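Undergrad: The structure is given below, and queries will be raised subsequently.
The values are calculated or read from the model by the stated rules, or taken from the named source; none is laboratory data. The model shown is predicted, which means the values in this text are computed figures rather than measured ones. Note: ideal-geometry Cβ built from the backbone for every residue, glycine included; neighbour counts use all protein chains shown. Only protein heavy atoms, including side chains, enter the accessible area calculation; ligands, DNA and RNA are left aside. Shrake-Rupley method; radii C 1.70, N 1.55, O 1.52, S 1.80 Å.
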Amino acid sequence: MEKNKLNKLIESASNAYKNAHAPYSKFNVGASLIDENGNIYNGCNVENAAYPSGSCAEEQAIGNMIVNGGKIIKEILIIGKSDELLTPCGACRQRIREFCDETTKIHICHISNGLQKSFTIGTLLPYSFGPENL
Ligand SMILES: [Zn+2]
């Protein structure tokens, strides 16, 4: 990915990160993705007092893409301040899988240190179940 696009995604995800609703965990997460038309969509985690009703940043970003007519995730970037790599949870790996292909890049970033590592879905969710399995 060209540096300009990556920086745009980092900036976008960082803004989403700042708006996260995480009063319980205090663990903000931001996500930004770019679709097949070059449009960027954001998401942040949205916690809820009824804990299981909360949602992940990736989930929100994907929902925003879908509601605006996007179909394919070309790149997705997740940002937070974890000391460990902030890879998507299992459910979000499956959510990403639904709208990506084997070339889609999944970038993991630290809010202060920038890009840490990039993955493909084949690495994060090997032998996955997807639309072609039906
Ligand atoms: Zn998740």
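Undergrad: Kindly indicate the residue of the stretch 87-101 that is within 10 Å of the ligand (Cβ to nearest atom) and in a loop (DSSP other than H, G, I, E, B) and also surrounded by the most Cβ atoms within 10 Å (Cβ to Cβ) among those meeting that condition.
TA: Pro88
Undergrad: Just one of the numbered conditions (1) modelled with pLDDT of 95 or more; (2) more than 16 Å from Tyr17 (Cβ to Cβ) is not true of Glu132; which one?
TA: (1) is the only condition that Glu132 fails.
Undergrad: Pull up the stretch 102-115, narrow it to residues that are assigned to a loop (DSSP other than H, G, I, E, B) and open to solvent by less than 60 Å² (accessible area, probe 1.4 Å), then point me to the one that is nearest to Ser12 (Cα to Cα).
TA: Of everything passing the filter in the stretch 102-115, Ile111 is nearest to Ser12 (Cα to Cα).
Undergrad: Separate question: Quick test of your reading of the structure: Ile66 fulfils all but one of (1) open to solvent by less than 40 Å² (accessible area, probe 1.4 Å); (2) modelled with pLDDT of 95 or more. Name the failing condition by number.
TA: Ile66 satisfies every listed condition except (1).
Undergrad: Related question: Restricting to the stretch 120-134, give me the number of residues that are outside any loop (DSSP other than H, G, I, E, B) and open to solvent by 30 Å² or more (accessible area, probe 1.4 Å).
TA: So the count comes out to 5.
Undergrad: If you take the residues in the stretch 76-86 that are away from the ligand (no atom under 12 Å from the Cβ) and of a type outside the set (A, V, I, L, M, F, W, C), which one is most open to solvent (accessible area, probe 1.4 Å)?
TA: Residue satisfying both the conditions and the ranking: Asp83.
Undergrad: Hey, another quick one. What are the pairs with Cβ atoms under 6 angstrom where one residue, in the stretch 17-39, is of a type in the set (S, T, N, Q) and the other, located anywhere, is assigned to a strand (DSSP E or B) and surrounded by 12 or more Cβ atoms within 10 Å (Cβ to Cβ)? Sequence gap at least six, or different chains.
TA: Within 6 Å, the pairs are Asn19/Cys44; Ser32/Ile40; Ser32/Asn42; Ser32/Leu77.
Undergrad: Which numbered condition trips up Ser55, out of (1) touching a residue at least 12 places away in the same chain (Cβ under 8 Å); (2) out of contact with any Lys or Arg (no Cβ under 6 Å at 6 or more places or on another chain); (3) open to solvent by less than 50 Å² (accessible area, probe 1.4 Å)?
TA: For Ser55, the failing item is (1).
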